[in-house]
Amino acid sequence: MCSSDLARRQFVAWQAGRIDRSEYTAQLSAQTPDSKIEASSIDLGALGALTGVTYLGPRDSMYDDLPPGIHVYLYQMLCTNGNIFEQLTLDPRNKVAGIIFADTAPTPAP
């Protein structure tokens, strides 16, 4: 299971616009330009201070094509000015292989 601490660290890092790329897979890091982090930081920063994290469970069963060892977890990030969902995908080494922030719980594409 992905820890709430990792979800919290990722959220706060994205709010600050300063992620630790060593926690990411090489593929995700390459697909995440600094401009995207900066833009996301503005949006996530508007939510205000993080006041809590609610673990909503694993999401593996929602995806038919996950490679072996890949796991998906969903959290709700509770902030002073609103809430947002954070979906984390981790590889077998617990590196972040995917991260999504959304107003509604992410669902797989049809």
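Condition test on T80, is it over 16 Å from F101 (Cβ atoms) and in contact with a Cys (Cβ under 9 Å, 6 or more places away or on another chain)? For T80, the condition - over 16 Å from F101 (Cβ atoms) and in contact with a Cys (Cβ under 9 Å, 6 or more places away or on another chain) - is not met.
Selection of first residues in segment 46-67 that are at pLDDT 90 or above and of second residues that are hydroxyl-bearing (S, T, Y) and exposed (fewer than 14 other Cβ atoms within 10 Å of the Cβ), restricted to Cβ pairs under 8 Å at least 6 apart or on distinct chains, gives the following pairs, ordered by first then second residue: L47/T80; G48/T80; A49/T80; T51/T80. Filtered by the rule that a residue be under 14 Å from E86 (Cβ atoms) and more than 10 Å from the chain's Cα centre (by Cα), segment 5-22 gives D5, V12, A13, Q15, I19.
Taking segment 55-110 as the range and being more than 13 Å from C2 (Cβ to Cβ) and part of a strand (DSSP E or B) as the test, the residues that pass are Q76, M77, L78, C79, G82, N83, I84, F85, I100, F101, A102. When segment 58-73 is filtered for residues that are surrounded by 12 or more Cβ atoms within 10 Å (Cβ to Cβ) and out of contact with any helix residue (DSSP H, G or I) (no Cβ under 9 Å at 6 or more places or on another chain), the ones remaining, listed by number, are P58, R59, D60, M62, Y63.
In segment 87-110, the residues that are farther than 15 Å from Q27 by Cα and aromatic (F, W, Y) form Cβ pairs under 9 Å with partners that are modelled with pLDDT of 95 or more and outside any strand (DSSP E or B), at six or more places apart or across chains, as follows: F101/F11; F101/W14; F101/S40; F101/D43; F101/L44.
The values are calculated or read from the model by the stated rules, or taken from the named source; none is laboratory data. These numbers were taken from a predicted model, which means no experiment stands behind them. Heads up, the Cβs are rebuilt from the backbone with ideal geometry, glycines too, and the neighbour counts pull from every protein chain shown.
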